[in-house]
1. Those residues that are of a type in the set (Ser, Thr, Tyr) and farther than 18 Å from VAL120 by Cα, I need them from region 33-47; list them, please.
2. Restricting attention to region 63-80, which residues are among the aliphatic types (A, V, I, L, M) and surrounded by fewer than 19 Cβ atoms within 10 Å (Cβ to Cβ)?
3. Against the definition (among the small types (Gly, Ala, Ser) and either buried (at least 16 other Cβ atoms within 10 Å of the Cβ) or in contact with an Asp or Glu (Cβ under 6 Å, 6 or more places away or on another chain) (or both)), how does ALA211 come out, yes or no?
4. Would you say ILE104 is over 15 Å from LEU39 (Cα atoms), at pLDDT 95 or above and either crowded, with 19+ Cβ neighbours inside 10 Å or in contact with a helix residue (DSSP H, G or I) (Cβ under 7 Å, 6 or more places away or on another chain) (or both)?
5. Which condition breaks for ALA19 when tested against (1) over 15 Å from the mean Cα position of the chain (by Cα); (2) surrounded by fewer than 22 Cβ atoms within 10 Å (Cβ to Cβ); (3) small (Gly, Ala, Ser)?
6. Restricted to region 146-195, and to residues that are of a type in the set (Gly, Ala, Ser) and part of a loop (DSSP other than H, G, I, E, B), which residue is surrounded by the fewest Cβ atoms within 10 Å (Cβ to Cβ)?
7. Can you name every residue in region 149-183 that is small (Gly, Ala, Ser) and under 22 Å from ALA60 (Cβ atoms)?
8. Under 9 Å between Cβ atoms, which residue pairs at least 6 apart in sequence (or on different chains) link something in region 213-238 that is over 17 Å from ARG154 (Cβ atoms) with a partner that is among the basic types (Lys, Arg)?
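The values are calculated or read from the model by the stated rules, or taken from the named source; none is laboratory data. Here the structure is a predicted model, which is why all the values come from computation and not from measurement. A quick note on method: Cβ atoms are made from the backbone with ideal geometry, for glycine too, and the neighbour counts reach across all protein chains shown.
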Amino acid sequence: MIQEFKEGYVKIEREHGIATIEFFHPQSNSLPLKILETLASDIHSESINVDTRVIVLRSAGDKAFCAGASFDELITIANEHEGLNFFMGFANVINAMRKCHKLIIARVQGKSVGGGVGIVAAADYAIATETAEVKLSELTIGIAPFVVGPVIERKMGLSAFSQLAIDGGKWRTADWARRKGLFAEVHTTIETLDDAVDVLSNMLAHSSVEAMQELKKVLWHGTEQWDQLLKERAGISGRLILTKYAKDAIQKFKERARIKES
């Protein structure tokens, strides 16, 4: 099943109890609201699908895993309601992954920024390549990683999260992310990455569904209030994205990207 949009798509492929959810956007797999909404919906549908035993979440291509929020949409946000609605897209994906009855493996073939790091952190097990650097660049554009903060802090600890959040212009290596707990494994090539994803997903597809569901509950214990918490965080981002600083910073970023492409 594939849902295509004006730019990008989300598709699901199922085989032998493994549901692979893939997303794509031509701007380094960035995330407009429509893709976020579809990801949250598809993760929920696979959560309750009796034929699905494990989920693999991946993006298309062999470069960036996810560039985070779509700057094209951020620049158009005109009021707090629209701001809240956009950042709730990330909140809803994280909460869908948190509440999912199935274990989720993230296949991370390249760099992740902002919300992309949050999605990786929300996976139950992340496998990456050596090129999978990470960065939280929100502070450089006048907001901060409020929505993804709880899930990154949960996975990596407050110290690692604060380093990423405060120095938003610095890339951290895949090995740094592995040592901090974001990645469970780091591989030298995409081929060995895919082999590792296949081995683990097939093993889980033959494991006890009941045992995996109970393990999932244990892994996410203490996050029961996240529906409200992430909504509050989305509201903060939704207000800050309206400031002149944020609008100017996003516009400058888009202009630099346009010059780089030309």
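1. SER45
2. Listed by number, the residues that qualify are ILE75, ALA78.
3. Spelling it out, it is not the case that ALA211 is among the small types (Gly, Ala, Ser) and either buried (at least 16 other Cβ atoms within 10 Å of the Cβ) or in contact with an Asp or Glu (Cβ under 6 Å, 6 or more places away or on another chain) (or both).
4. Here the answer is no, as ILE104 does not meet what is asked.
5. Result: ALA19 passes all but (2).
6. Only one residue tops the list, namely GLY169.
7. ALA174, ALA177
8. Pairs found: GLN213/LYS102.
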